[in-house]
Amino acid sequence: KSFMENFKSDHLEMHSQDIARLATITDAQHITENELAQMYKTNKYHLRMAPVSFELLIAFLEDNKFIVLLRIVNQHLNIQVGPANANEDEVIGIAGHGTLQLSTFNQQSVTLGQMAPDPAFRDQVEQTLKEEEAQAAGDMTMNGDTPTSLLEEFKKVKTEAGVDSPSRDDIPLPPYKGSDIQSEIEALRDSRKRVALGPSSLPSICAYTFHNARENINCVAMSEDATLMAAGFSDSYVKLWSLNGEKLRGFRSNFNPAHINDSNDLSRVRETSGTDSRKLIGHAGPVFGASFSPDNKYLITCSEDKTARLWSTNTLTNLVCYKGHNYPVWDVDFGPLGFYFATASHDRTARLWSCDHIYPLRIFAGHLSDVDAVKFHPNSKYVVTGSSDKTARLWDIQRGTCVRVFTGHTGAVQAVAVSPDGRMMASAGEDRTIQLWDLGSGKRMKKMTGHQGVIYSLDFSQDGSILVSGSADCTVRAWDVKKEITPGQGSHRILQDGRDVSGVNGVSGSTILAGSPTTALSQSQSSPALDRVSKKMAAAMPLESEDHLAAFPTKRTPIYRVQFTKRNLCLAVGAFSGN
């Protein structure tokens, strides 16, 4: 028991379940009865170590005459000496157990393709486009202008169901409405005006800054068309802002709903004068998450009071209160098709809801700690979660089961994002790194470093080529998703402050700061004291990986939210920090 208490904390991160089972051993007889103990005794544990680390370990054990430890290393460890590679997880642990078990788990089949549109809906959109083009044909010929037909673009964009596209029966949806057709046409117009982004053409960023709210603001959400912004506050209210100049007008409190027959009746009972912002009051605790529906008609929020609430952006009132979680709810996300939304909670579960039911449809249980972030897959068949247990998971909403586990972070995962094509996922959080994952194989594609603070938010551009991140280090950073980092070569470069980090294995032996009095010193003149100082400074600042394209600094504003519009304009939101 004493041995277990002293050393179990070293292994809880990767082997918490094993530790729990081994903790039941209190007698020599138990070892023969415990399957896990027998497996560890009869199998070698696989490790990969760098050559220098291996030599230091053996020298340390031999110099100190740690004979028992040397025997354990020889009998129970299989150490592969060599540089780490992208598949390092495959050679760690005992065969058939631990991480190898995880790679087998991640081979479950998934359907990551886009869902095919409803044939009736597609026909209706095509018919509407034909009518609009016929109406506008006369004007076009008069101007001598013949732009590309929207109908032709629609036929190119909306492909048929692929081999790995989910069935429409997997995700039951209510019948489409006339407004859905208009939304589809507007999205088509936006895609026509979309800016092409890449390493040579970085995104334009529009940053919104909150003042006098740093201690009070917990979350921010933006509508897809950038006309509305919502923020959740510690004072238990949600505040809604209009960003396009239109006033927010609710309804007068003394009208009779029975007298409302059409839109004219509705407009008559609206408030005569509107405001630029409106408080939405209903929660009984701090508001931690908010998300707009794809059509911007609804806002969902979640709170410490264990509930989620649905608000109408039209009437500016609370419509439904959803109860089901047992503890505070940290995050919420509306599905890309509307109707469904997901929540993440301190009770270590994420839950799936539909707007027309006040109870959850699915409970996703499996994380070992708080679920801090939740995000829908673009085809609506999956949900991605990030947790304080340092993992991210992919869940099938039809079966309610976990189909992928992503391990590799060294801190809580507080932000997740899925690429628009549904093939990649990015995760980030307390360890200040961004990890890019292939959802199909469940394997990590690469690790991106450069942030100097906790990462709060991630988002992919509409074509999936650029990833942007917002952090507590008061910067928005852009990353090249497509760039491949070659293992074994220098994967870091000289930073903006002059630190040369492009030496062997990506790190140089010494560092000299540009602009400092030491810059003029030759290598032979540098002193050991200077080397020590420069190494300390290099260790304190994370290295920027090669796929880091640019950093956009604010003065003193941590970035809470980053989001791309349909036209590839990047929106960033933060709260000004005085110190």
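The values are calculated or read from the model by the stated rules, or taken from the named source; none is laboratory data. Note that the coordinates shown come from a computational prediction; the quantities given were computed from them, not determined experimentally. Here the Cβ positions follow ideal geometry from the backbone for every residue, glycine too, while neighbour counts run over all protein chains shown. For the accessible areas, the whole protein counts, side chains as well, though only heavy atoms, and no ligand, DNA or RNA atoms are used. Shrake-Rupley method; radii C 1.70, N 1.55, O 1.52, S 1.80 Å.
Shown in residue order for the range 566-571 are the 3J(HN,Hα) couplings computed by the Karplus curve 6.51 cos²θ - 1.76 cosθ + 1.60 at θ = phi - 60°: 4, 9, 6, 8, 8, 9 Hz (x for Gly and Pro). Less than 5 angstrom separates the built amide H of Thr391 from those of Val413, all sequence-distant by 5 or more or on a different chain. Charge tally around Lys483: other residues with Cβ under 10 Å, Lys/Arg +1 each, Asp/Glu -1 each, net -2. Mean sequence separation of contacting Cα pairs (under 8 Å, at least six apart), scaled by the length of the range 416-481, corresponds to a relative contact order of 26 percent.
Per the Debye calculation on the range 195-298 with a single equal scatterer at every Cα and no solvent contribution, log₁₀ I(q)/I(0) for q = 0.22 Å⁻¹ amounts to -1.25. Shown in residue order for the range 468-474 are the 3J(HN,Hα) couplings computed by the Karplus curve 6.51 cos²θ - 1.76 cosθ + 1.60 at θ = phi - 60°: 10, 9, x, 9, 5, 7, 6 Hz (x for Gly and Pro). Could you please state how large a percent of the accessible area of the range 238-350 is carbon and sulfur, counting protein chains only and using a 1.4 Å probe? Carbon and sulfur: 47 percent of the exposed surface of the range 238-350.
Think of a 1.4 Å ball rolled over the protein heavy atoms: the range 172-247 then has 53 Å² of accessible area per residue.
Here's how it looks for Cys474: its modeled amide H is under 5 Å from those of Ile559, which are all 5 or more places away or on a different chain.
The amide H of Ala575, built 1.01 Å from its N in the peptide plane, has Phe210, Tyr560 as neighbours under 5 Å, considering only residues 5 or more places off or on other chains. Distance from the C-alpha centroid of the range 16-30 to that of the range 253-285: 63 Å, rounded to the whole angstrom.
Sorted by mean Cβ packing within 10 Å, highest first, what order do the peptides 108-114, 427-433, 474-480 take? Show your work: numbers first, answer last.
Details: 108-114: 17.1, 427-433: 23.3, 474-480: 21.7.
My ranking of the peptides, most packed first, is 427-433, 474-480, 108-114.
Coupling constants for the range 277-285 follow from the phi torsions by the Karplus curve (6.51 cos²θ - 1.76 cosθ + 1.60, θ = phi - 60°), and in residue order they are 9, 8, 7, 10, 10, x, 5, 10, x Hz; glycine and proline get x.
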